[in-house]
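Structure record follows, encoded as structure tokens.
The values are calculated or read from the model by the stated rules, or taken from the named source; none is laboratory data. The structure displayed is predicted, hence computed values, not measured ones. Methodologically, a virtual Cβ is constructed for each residue, glycine included, from the backbone with ideal geometry; neighbour enumeration extends over all protein chains shown.
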Number of protein chains: 4
Amino acid sequence: MPQKKNKARSPIQKRGIETREKIVKAGMTLFAKKGFHRTNALEIAARAGLATGTFYSYFNNKKEVLVEVIRMFYRNASQEVLNVYDPVASDDPAGNYAEGRKLVHSMIRTLDSAHRLDPHVHREILAMTLIDPDIARINAEEEKKVVAYMTALLGRFREFIRVEDLEAAAVLLYRTGEEIVHRIRVVGSEIDGQRLLAELEEMMCRYLLKDETRAGEGS
Amino acid sequence: MPQKKNKARSPIQKRGIETREKIVKAGMTLFAKKGFHRTNALEIAARAGLATGTFYSYFNNKKEVLVEVIRMFYRNASQEVLNVYDPVASDDPAGNYAEGRKLVHSMIRTLDSAHRLDPHVHREILAMTLIDPDIARINAEEEKKVVAYMTALLGRFREFIRVEDLEAAAVLLYRTGEEIVHRIRVVGSEIDGQRLLAELEEMMCRYLLKDETRAGEGS
Amino acid sequence: MPQKKNKARSPIQKRGIETREKIVKAGMTLFAKKGFHRTNALEIAARAGLATGTFYSYFNNKKEVLVEVIRMFYRNASQEVLNVYDPVASDDPAGNYAEGRKLVHSMIRTLDSAHRLDPHVHREILAMTLIDPDIARINAEEEKKVVAYMTALLGRFREFIRVEDLEAAAVLLYRTGEEIVHRIRVVGSEIDGQRLLAELEEMMCRYLLKDETRAGEGS
Amino acid sequence: MPQKKNKARSPIQKRGIETREKIVKAGMTLFAKKGFHRTNALEIAARAGLATGTFYSYFNNKKEVLVEVIRMFYRNASQEVLNVYDPVASDDPAGNYAEGRKLVHSMIRTLDSAHRLDPHVHREILAMTLIDPDIARINAEEEKKVVAYMTALLGRFREFIRVEDLEAAAVLLYRTGEEIVHRIRVVGSEIDGQRLLAELEEMMCRYLLKDETRAGEGS
DNA sequence: GATGAATGAGCATTCATTCAT
DNA sequence: GATGAATGAATGCTCATTCAT
């Protein structure tokens, strides 16, 4: 049996699921507050109101908690997207430049909302993604979904989009938007956030949308 | 005066400076290979061919080594920029769209070169910047210089640039370029790097440059 | 009365006895496979198909299981002795050297059979006997019975036995036989088992039996 | 580098060697007093007058100390053999039965002395040999040397020995002697030690030596 | 009675840092 | 100055045992 020992419980009963949830939430809070490396299993357990041993009967180590935190983070962020997002009225008769700007604006606002949700957790996830290959993999899985979602979104607005490689555009816009919003909300930018956001929106529009003056010419 | 103990020597003699250098290089190598957290002072000393005690007579702790590694990294990257960078022939008579593309292309190529230099060190610096406020500060200092440099650069090409807030543009372009190149060179992107770089260049050009067809109209 | 807590149930009903038996068997299997120290109560319970708590309502701790395992082991071994053992036809008219050799041979074969039954359990019992005084005591009780049995056995063949101190002889032969068979079957001997067994038999015969040539001279 | 980390220091300087020695001695004392499993690294370090960390810079874990204890035990025992052992005056003109008895007596006395040296350490080694395959291997190495020594010893007295397979005889006598002496000195025997030792000597003599009455007939 | 979630003391191990030589 | 042995606080993890359901 040369397989990794995997003693972590997979609770089925209601109580077990709640306990697991409590641990993940405690982990999330502490990772956000003190960072992953400065948090230890004892603290997570204590904050969840549990004994050390209980922690270890649900997770093999704190990294497994982080994985769950990442999943929860993306779940929450998706929820937030659904709450916030409403790019263009669905019954819009014809795409045009103004609608395109609304789309871009809406995308940025959505990223921003997702960031405001829990900027410190996000920062920790980013850091761990850089440090730990396992975490990188988990995060990549989640990000793939985001990119797929954005690609599909762009597809729905093809009419007033000038870019042809929609997938590349999705990656580019997601990464760019992420990075800038993260910079403003979490890290702190060299310059005022409003100025930067304005330029970001401008850049995205010029890149993505058919020119205002040419809006009617559509391929 | 409960001030921080600061026993670290500031070597003036040639030999001391060399020893210090050896430690920083050993640190750089190990941080790149194993990451900051998985590297310990003993290893750094050993790889530098020194005793543990000697390490501590040059640095108070390994974080101080990281600070030095960051400084060295930016020094090397600047050097690389000077080697690589040649955006527009200096005797170019008139700015125009083609020249603008060259500028953008050159900027991306430069970032790419800097990344290829030592992607793992770079990754580690990014991670530590997210994790440790002190490191964040040090890194911010260095990045401020980069942004200043880019702002100045854009200023020199104002003729064929449509953006007005040059500083915001510099931050935006730097962050965006950084992020995308980093994604491709270090993390691994969801899609092919060439496609992404092509779109990046396109986005930057559309954002930054006066339209091709309007290139002559410039204010 | 600060007496030891002794909550372990003494089941009288059929079901309880079966459950107890299941635990002992599970313990025996696991002690044999992984050793006493590397086995924990949870595993024993799990393998017996019971919850941890149930385990503790039958036994106060895993050492009590070991005690039961030892008892079961000797019960099984005794059974085996009765199956295997038939030293000399009971109606044998006269003892002589050949009959003596048969006796010795039969004793060795019996020990060997008992060892083959469950060598790993036996090894574990031996080890625990050395480590834990309580276990040593329990095992000593069981061994006392074996020695008594062997003493009686020798008594029945006094005719062709030259040794006078039958009890000492019983201890000596039991210990020697045990040790050598154990060495061959469980530990692995420095030399080939057959050679060693041959010498063992020879040694026992020379020690125990009246000389072939003097066989008739008896008492 | 998928090799086991092996950080344990191999001290060359006098001080380091002494420290290592101190740890082994502390380990030996504690293993003897409390048994291997009931001793922990902290205690060993404390008894050696060292900090926990120091312990781990000399040994990777307490098992490694046990290995060293085993080696030291056999070293001491060998020393004891040389001190005690003097089977037959070297200038003895002719082997005969009386000399043979002296040889056997001397062998038993030697085993006994070795046992008296440190019976508890010996018991612990035996137990660990049964429990841990690594320890079993280490111990087997040491025992092989003993058997080789005894085989050679028997060879020197071939004249009054009737056994032909000297190696098998060496194993048999060593194991038997060991077991009985151990039983008497460490475990406690069912019967009085003197009686058992007397029978042991008798058994060994009858097995090994040419018959008293035939002593002169030797090839 | 049975269950299995929860407990928490206990142990192994690491490593930043000090300091006698 | 350089050395590297020594330090010991800190932390990850295990498991015998309890107890609410």
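For segment D:182-204, taking the residues that are of a type in the set (Gly, Ala, Ser) and more than 7 Å from chain C (Cβ to nearest Cβ), the one that is farthest from the chain's Cα centre (by Cα) is identified as D:Ala198. Does C:Leu166 satisfy the criteria of being under 25 Å from D:Lys210 (Cβ atoms), crowded, with 16+ Cβ neighbours inside 10 Å and not acidic (Asp, Glu)? Spelling it out, it is not the case that C:Leu166 is under 25 Å from D:Lys210 (Cβ atoms), crowded, with 16+ Cβ neighbours inside 10 Å and not acidic (Asp, Glu). Restricting attention to segment D:125-148, the residues being in a helix (DSSP H, G or I) and more than 12 Å from the chain's Cα centre (by Cα) number 12.
The residues of segment D:110-150 that are touching a Phe, Trp or Tyr at 6+ places or on another chain (Cβ under 8 Å) and of a type in the set (Lys, Arg) amount to a single one, D:Lys145. Any residue in segment A:32-43 that is without any contact (Cβ under 8 Å) to a residue 60 or more places away in the chain and among the aromatic types (Phe, Trp, Tyr)? So far as segment A:32-43 goes, no, none of its residues is without any contact (Cβ under 8 Å) to a residue 60 or more places away in the chain and among the aromatic types (Phe, Trp, Tyr). Considered as a group, the residues in segment B:60-81 that are within 19 Å of B:Ile131 (Cα to Cα) and of a type in the set (D, E, K, R) include one that is farthest from DNA strand F (Cβ to nearest atom), and that residue is B:Arg71. Scanning segment D:151-181 for residues that are within 11 Å of chain C (Cβ to nearest Cβ), assigned to a helix (DSSP H, G or I) and farther than 22 Å from C:Glu124 by Cα yields D:Thr151, D:Leu166, D:Glu167, D:Ala168, D:Ala169, D:Ala170, D:Val171, D:Leu172, D:Leu173, D:Tyr174, D:Gly177.
Filtered by the rule that a residue be under 18 Å from D:Arg158 (Cβ atoms) and modelled with pLDDT of 80 or more, segment D:68-112 gives D:Tyr97, D:Ala98, D:Glu99, D:Gly100, D:Arg101, D:Lys102, D:Leu103, D:Val104, D:Ser106, D:Met107.
For D:Thr29, are the conditions met, namely being among the hydroxyl-bearing types (Ser, Thr, Tyr) and within 9 Å of DNA strand F (Cβ to nearest atom)? For D:Thr29, the condition - among the hydroxyl-bearing types (Ser, Thr, Tyr) and within 9 Å of DNA strand F (Cβ to nearest atom) - is not met. In segment C:45-59, of all residues being touching a residue at least 40 places away in the same chain (Cβ under 8 Å) and crowded, with 22+ Cβ neighbours inside 10 Å, the one that is nearest to DNA strand F (Cβ to nearest atom) corresponds to C:Phe59. Taking segment D:21-44 as the range and being crowded, with 23+ Cβ neighbours inside 10 Å and either within 12 Å of chain C (Cβ to nearest Cβ) or more than 10 Å from DNA strand E (Cβ to nearest atom) (or both) as the test, the residues that pass are D:Ile23, D:Gly27, D:Met28, D:Leu30, D:Phe31, D:Phe36. Within segment C:60-87, being of a type in the set (D, E, K, R) and either in contact (Cβ under 8 Å) with a residue 40 or more places away in the chain or touching a helix residue (DSSP H, G or I) at 6+ places or on another chain (Cβ under 6 Å) (or both) holds for C:Lys62, C:Lys63, C:Glu64, C:Glu68, C:Arg71, C:Glu80.
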